[in-house]
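The values are calculated or read from the model by the stated rules, or taken from the named source; none is laboratory data. Here the structure is a predicted model, which is why all the values come from computation and not from measurement. Every residue, glycine as well, gets a Cβ built from its backbone with ideal geometry; the counts of neighbours run over all protein chains shown. Note: areas computed on protein heavy atoms with side chains; ligands, DNA, RNA excluded. Shrake-Rupley method; radii C 1.70, N 1.55, O 1.52, S 1.80 Å.
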Amino acid sequence: EEYGGTWTDELALALVGNPLLVSAQFLIDHSPVTLTPEQVVHRMQSRVVEQIADEVPWRPGARELLAAGREAGVPAALVTMSWTDLARAVVDATEPGSFELLVTGDLVTHGKPHPEPYLTAAARLGVDPTACVALEDSPTGVRSAVAAGVPTLAIPHHVAIPEIPGAVRVDTLAGLTPFDLRPLATGAGDPARA
């Protein structure tokens, strides 16, 4: 709107899960914005970092699941196509020790849906990807995790997630423990429970 354009929910939803430079180029292509893709990313992220400083928009059950994982000694990685500044703001808003590491869009060569982000996280955690569980809320994220061989729970949020072989869809994280995740993601658990 600052540049005289109109932005719609439909356009915004087309960006969910994309690498940030892809989203920035999409924004430029669908508006009169004259910034470079890098400038768009920095502008968007600085605004979101400001909002996160006020409040992190936690999904139901996410904080509790992170806390239970931390208490049980289950390492967690934040695998996001956001860049490090934004991911660090999210991590800083969580309890210390909630995440062992960050894999961000500015630190990988290929963003989601490529498997590189999840393969990088598993390698840095020192575990086989098949021993992990991914929690994803976008089709591109689910495809990335599945392509890396990571058992995946798809938790739709802003956009619908189609049936993707290798992923199990659940409605919420509320009530789940770290020990529920792997059985659910590998099909051994009861998705109706979630």
Residue under question is ALA123, and the condition is that it be farther than 28 Å from GLY175 by Cβ, of a type in the set (Gly, Ala, Ser) and surrounded by fewer than 19 Cβ atoms within 10 Å (Cβ to Cβ); does it hold? yes
Taking the range 5-32, which residues are open to solvent by 40 Å² or more (accessible area, probe 1.4 Å) and within 19 Å of ARG88 (Cα to Cα)? LEU21
Can you pull out the residues in the range 167-188 that are free of Cβ contacts under 8 Å to residues at least 40 places away in the same chain and under 17 Å from the mean Cα position of the chain (by Cα)? ALA167, VAL168, ARG169, VAL170, ASP171
Consider the range 69-81. How many of its residues are open to solvent by less than 30 Å² (accessible area, probe 1.4 Å) and under 15 Å from GLU95 (Cβ atoms)? 2
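Can you tell me which residues in the range 44-63 are of a type outside the set (A, V, I, L, M, F, W, C), open to solvent by less than 50 Å² (accessible area, probe 1.4 Å) and not in a helix (DSSP H, G or I)?
From the range 44-63, those of a type outside the set (A, V, I, L, M, F, W, C) are 45-47, 50-51, 54-55, 57, 59-61, 63; that's our starting set.
Pick out the ones that are also open to solvent by less than 50 Å² (accessible area, probe 1.4 Å) and you get 45, 61.
Passing the criteria: only GLY61.
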Please give the number of the condition ASP171 fails out of (1) closer than 22 Å to PRO75 by Cα; (2) out of contact with any Ser or Thr (no Cβ under 7 Å at 6 or more places or on another chain). (1)
If a residue has to be touching a His at 6+ places or on another chain (Cβ under 7 Å) and more than 20 Å from VAL108 (Cβ to Cβ) to count, how many in the range 9-64 make the cut? 3
Residue among LEU107, LEU66, LEU35 that is among the hydrophobic types (A, V, I, L, M, F, W, C), open to solvent by 30 Å² or more (accessible area, probe 1.4 Å) and touching an Asp or Glu at 6+ places or on another chain (Cβ under 9 Å): LEU66
